[in-house]
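Laboratory data are not the source of any read-out in this text; all were calculated from the coordinates shown. Computed from a predicted model, the values in this text were never measured in an experiment. With ideal geometry, Cβ positions are generated from the backbone for all residues, glycine too; neighbour counts draw on all protein chains shown.
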Amino acid sequence: TAEDGSQAWLRYAPVPQASSYQSLPSSIVALNSTRSSPVYTAGQELQRGVKGILGKQLSVNSTGKSESTIVVGTLNAYQEVFGNLDDADDLEEDGFYLSIEDSKVLIIGQNERGALYGAFEYLSRIAQEMFETGSSISNPHAPIRWTNEWDNMDGSIERGFAGPSIFLKNGYVTDNITRVTEYARLLASIRINGIIVNNVNANATLLSSRNIEGLGRLADAMRPYGIQLGISLNFASPHDFGGLDTFDPLDPEVDAWWANITNKIYSRVPDMAGYLVKANSEGQPGPLTYNRTLADGANMFAKAVEPHGGIVMFRAFVYDNHISYSNWTADRANAAVDFFNGLDGKFDENVVVQIKYGPIDFQVREPPSPLFSALRNTSVAIELQVTQEYLGQQCHLVYLAPLWKEIFEFDLRADSRPSKVKEIFSGERFRRPLGGSAAVVNVGTNTTWLGSHLAMSNLYAYGIMAWDPSIEPEAVLQNWIRLTFGFDRQVMDTITDMSMKSWPAYENYTGNLGIQTLTDILYTHYGPNPASQDNNGWGQWTRADQFSIGMDRTVKNGTGNAGQYPPEIARTFENIDTTPDNLLLWFHHVPYTQPLKSGKTVIQHFYDAHYEGAATAQSFVKQWDSLEGQIDAERFKEIQFRQVYQAGHALVWRDFINEFYRNLSSIPDEAKRVGHH
Ligand code: GCW
C-alpha cells in the first residue's frame, strides 16, 4: 500500500495478531466531553485507532458503565460518576493513569490533556501488540514541553528543510489550517503542550489585528489537542510597529504598549502559552540597546503576560558576533554566562531562560552549556534542534536522541552534588517551579513533515524524552520503527542499526575530537568548509594553523571557559589528561601530533575517523537496499534516494576535510590514503 508519510507514527495500521485480541472493550466512554475538548478528541482518536489497528468499530458515548468499555476522562469527572480512584492519587499536572484489564480499560488524566495522552499511549501499545494487562501512572518530567518553529511571515522557514510554512504565508497567518490540526495531533501523541509558531528572528507585523485574528484560528485548531500557542516577539515592536519613538523596557509608555497588545492577543487567545524572545543576539534589538539589563527586558514581557497566566521564554543565546579573532582569550562559549552574570534571581517568576544544549550552537558534539549550573534562582529550559541545521539538514540520517541523552545525563556536579542537566531543567535540582524543554522543529508543507521519513524518529524521540529523559534512545527508536514501518524483524534490526550508528558516523566524517561540525558556518551550515570557521567575528573557531589546532579554553592559558563549570568539572576540562578525547579540541589547543588516549595522534585520528565514518555511510546503502520488498515501494525509494546521497556526500566530507588538514599540517596519512587517490 502507498504511504504518504503524513500520518508518521499514527498510521493505525492493522496488527497481525488482531484476531487473537479477544476481550476487546465494546464501547468508549469519553466523560464530560464537550466538542473540541481534549477528552472529546481522545474519544474520537480511540475510535479511529481501534478501528484501524484491531478492525473493530466502537461507539463513543459520554456516559455509560465502566464494564467492557474504554473509559477516558479526567480524574474529577471519573470520581463524580464512579467514586474514588485511589490508584490515581499520585497524578501530577498533565499526567495520566492507565489501567488495562481485559475488556476494561481506564484512561484517567489529571487534566483533559493528560487523558488525551493516556489515550495515545493506549493506542501506541495496541499498535505495537503490547497487549499486557496492568496499571501504571505516568507523570511528566517537566511542565514545559514545547516546539519552536522558525517560520517567517512570508512563509519561508529559517533553517527549515521541508518546504514552506504550515502556519504563515505572504505576510499573514494562513487560512488553511488542515495541516496545523494534523501537526497538533502528532505533537499531542508525543505529549508536547506548546508551539511557538514564528521565528525567533521575529517580525512585529505578526501583531497586526488581522494576524491576531489568525493566531486565534491557529490556537482554536490546536486547543482540542491540548496544545497552547505561543509567539516570538521582536523587541523593537513598540517602535517599529507601534509608532513609539522608543522601545526602552523601563519606559512606562513602552510597558503600557506591551500590556495593551498582550491584552488584545489574550482576548482572542485566552489560553496563550506565552512569549519567546531573542534579544541582543545576531543583530536583534534588545534591552542592552538602552543600557538596561536582560532581566529588565524579560521582566517587561513577564509583567504583560502575568495577569493572563502566561510565561516568557527568554533565550540565553545572547552573544557578540563581532569578537576579535586576534584576541586569544576571546570566546563565544563564554558569552551566555558572561551576559547573564549578576542576573540570577532578578527574573520574574514567570520567566524561563531557554538555553541551547551547548555553549556554541547545535554542533555535532559540545559539552553542556555552563549556564545550566550558573543559574540557581532562575527557571531554565533546554533548547534542542530536531531540524538538522548543522547535522546534515535531513539529507543525512542522524538519529539525535543519543546526543541529547549524553547532555541530559551529564552531571555538572554543582556544589559537588549530583546535578544532571536533566535534573536542572526539570526544576528539581534547584527547586524551581518551572522548567522543561523546547526543540526547534521547523516542519514544513512536505508530506513527510521534515523532508525525510527517517528524520521523524527525531521528532518522536524529542517528545517522548521531554516527557521522560531517562528512557533509552534505542527503546524509543524501536517503538517508532514499529509504529512507522510495522513488525518485520529485518526492518526493525536494520533501521535500528543504521540509526544507532548514524550520529557517531556523522561525527566521524564531519568534525571529531570536539572541533565542531566543520561545516560552512557563514551561511548555509551545510557541507564541509573548515576554513570558514576561523578569522571572523562569529567565534566558532578552531584556531587551526600549520602546527596545531583547537580552542584553548583553560583558565591557565586560554579563554577561561573551563572555569565557568563547577569546580569538579572545571578541573576535568582544565587538564588535558582528564578531558575526554571527544572534547579534546573543544578545550585544548594542541599540536597535530598530540597523542590521544588511544595512542593515535590527533591528525591520524582525523584521517582514520573520516574514513571510518564515510565507510559506515556507505554501508547504510547496502543495509537499506536489503529491505526492498519489506517496505512499501514509495517510502523505500524515497529513503533509498537519501541514503545514496548521504553515502556520496560522506565521501565529499571525508576527502575535503582530510585534504584540508593534510595540506595545512603537511603530515602524511600513515595508511597512505589521503592524497593518494
Ligand atoms: O544557529 C543560528 C542559526 C540562525 C538562528 C540562530 C538562533 C534563528 O544559524 O539561523 O536564528 O542560531 O538560534 O537564534
Item to check | FRET efficiency for K51 and S23, using Cβ-Cβ distance with R0 set to 25 Å, rounded to 0.05 | outcome: 0.90
Item to check | When each of K278/K356; K405/K597; K600/K672; K56/K637; K356/K597 is checked by Cα-Cα distance, pairs over 22 Å | outcome: K405/K597; K56/K637; K356/K597
Item to check | Antiparallel %, DSSP beta bridges [both residues in the stretch 144-483], to 5 | outcome: 10
Next on the checklist: Below 17 Å, Cα to Cα, which aspartates and glutamates can K65 reach? Residues fewer than 8 away in the same chain don't count.
Outcome noted: E80, E101, D102
Next on the checklist: Please list the three semi-axes, largest first and in whole Å, of the ellipsoid equivalent to the chain, using sqrt of 5 times the eigenvalues of its alpha carbon gyration tensor.
Outcome noted: 41, 33, 23
Checklist entry - Once every DSSP H run of n ≥ 4 in the chain is given -39500 (n - 2.57) and the sum is divided by its residues, what mean residue ellipticity at 222 nm do you get, rounded to the nearest 500 deg cm²/dmol? => result -11000 deg cm²/dmol
Checklist outcome for this item: Full extension between R268 and Y645 adds, at 0.36 nm per residue less the Cα distance, a length in nm of 131.1 nm
Checklist outcome for this item: For the stretch 18-138, the Debye formula with one identical point scatterer on each Cα and no solvent gives log10 I(q)/I(0) at q = 0.09, 0.14 Å⁻¹ as -0.20, -0.49
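If you average the sequence gap of Cα pairs under 8 Å that are 6 or more apart and divide by the length of the chain, what percent do you get for the contact order?
12
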Checklist entry - Roughly what % of DSSP beta bridges within the chain run antiparallel, to the nearest 5? => result 30
Item to check | With at most 11 other Cβ atoms within 10 Å, longest stretch of the chain clear of loop trypsin sites (Lys or Arg not before Pro) (DSSP) | outcome: 36-430
Item to check | Stretchable slack from K622 to M492, in nm (0.36 nm times residue separation minus alpha-carbon distance) | outcome: 45.3 nm
Checklist entry - Computed on alpha carbon atoms, what radius of gyration and Dmax characterise the stretch 1-76, expressed in Å? => result 13.7, 43
Checklist entry - Could you give the distance between the Cα centres of the stretch 273-315 and the stretch 549-613, to the whole Å? => result 36
Checklist entry - In nm, to one decimal, how far is the modelled label at E670 from the one at E568, with both set 7 Å along Cα→Cβ? => result 3.6
Checklist entry - Over the stretch 18-138, what relative contact order in percent results from Cα pairs under 8 Å that are six or more residues apart? => result 28
Checklist outcome for this item: With a Förster distance of 35 angstrom and the Cβ-Cβ distance between N535 and L250, calculated FRET efficiency to the nearest 0.05 equals 0.35
Item to check | Qualifying chymotrypsin sites (Phe, Trp or Tyr not before Pro) in the stretch 475-534, DSSP loop, other Cβ atoms within 10 Å at most 11 | outcome: Y523
Next on the checklist: Give me the percent relative contact order of the stretch 128-187, please, defined on Cα pairs under 8 angstrom at least 6 residues apart.
Outcome noted: 20
Checklist outcome for this item: Note on the stretch 1-107, DSSP bridge orientation, antiparallel percent to nearest 5 equals 30
Checklist entry - Could you name the lysines in cross-link range of K169, using Cα to Cα under 20 Å and dropping any fewer than eight places away on the same chain? => result none
